[in-house]
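**Q** Let me begin by handing over the structure; questions about it come next.
The values are calculated or read from the model by the stated rules, or taken from the named source; none is laboratory data. Remember, it's a predicted structure, so these values are computed and weren't measured experimentally. Glycine gets a Cβ as well: all are built from the backbone with ideal geometry, and neighbour counts include every protein chain shown.
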């Protein structure tokens, strides 16, 4: 195991104070070892920013409240201060290269963001965060770009909904106008169909409801009249004429139950 010896003068220290000092040294030794191992690990993994951070943390611990003797107890040189500093110096070119790439991507991302190309800008900020996960400006711009994209999507959806509402309104208006025209021309069945579709799409369309009710009453009265005439024809032995009248009543009012029952009886008689 690698070791670091912290050399202190213990003259004049009481036993309790000496034990506390020894404990502090042991804590610092553990921290140095922890930071060194983490620095080497991240350097090998290619995470140079993290590697440099851990090596610098290590040197800070080694330089605080202690004179450090880098005597290599295990006859290995890994732990010498110059070796650690060499690690850091080897990292610098890679960090500078990465820093240049980050700067370029940040500038491009900003320009795209300012131009309103939020989705493409987000890709540049994401690239930065792959290299430097804690890059504050890239994080902030990413959040802003996502917010702008959401707002843009909401605007698009609102516009789509508005256009769809307008289209529906035009179609309903056209159906109503057609129904009104059919009503005026006396084609009540077609008028009823058009107005029924209007009310299916817009149950609150009051004018359509009024005409629909009026047409329904007229058709009901007409169907009743045809039903009674059918009974007269049936009684006179004119079964075919009666059937024709009851069919007409059902065309006008499909739910005219009396005409339906009469029609079934007449058909059974013909069989």
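**Q** In segment 143-198, which residues are under 30 Å from residue 123 (Cα atoms) and surrounded by 13 or more Cβ atoms within 10 Å (Cβ to Cβ)?
**A** 144, 145, 146, 148, 149, 152
**Q** Among the residues of segment 229-243, which ones are part of a helix (DSSP H, G or I) and either surrounded by 14 or more Cβ atoms within 10 Å (Cβ to Cβ) or under 60 Å from the mean Cα position of the chain (by Cα) (or both)?
**A** Once the filter is applied, which keeps residues that are part of a helix (DSSP H, G or I) and either surrounded by 14 or more Cβ atoms within 10 Å (Cβ to Cβ) or under 60 Å from the mean Cα position of the chain (by Cα) (or both), segment 229-243 yields 229, 230, 231, 233, 234, 239, 241, 242, 243.
**Q** Can I ask one more? Of these, 251, 258, which one is within 58 Å of the chain's Cα centre (by Cα), part of a helix (DSSP H, G or I), surrounded by fewer than 19 Cβ atoms within 10 Å (Cβ to Cβ) and in contact (Cβ under 8 Å) with a residue 40 or more places away in the chain?
**A** Criteria check complete, one pass: 251.
**Q** Give segment 130-161 a look and list any residue that's touching a residue at least 24 places away in the same chain (Cβ under 8 Å) and either in a helix (DSSP H, G or I) or within 16 Å of residue 117 (Cα to Cα) (or both), or say none.
**A** 131, 137, 138, 141, 144, 145, 146, 148, 149, 152
**Q** Given the conditions (1) touching a helix residue (DSSP H, G or I) at 6+ places or on another chain (Cβ under 6 Å); (2) closer than 30 Å to residue 268 by Cα; (3) not assigned by TED's automatic domain parsing to the domain that holds residue 268, which single one is not true for residue 230?
**A** (3)
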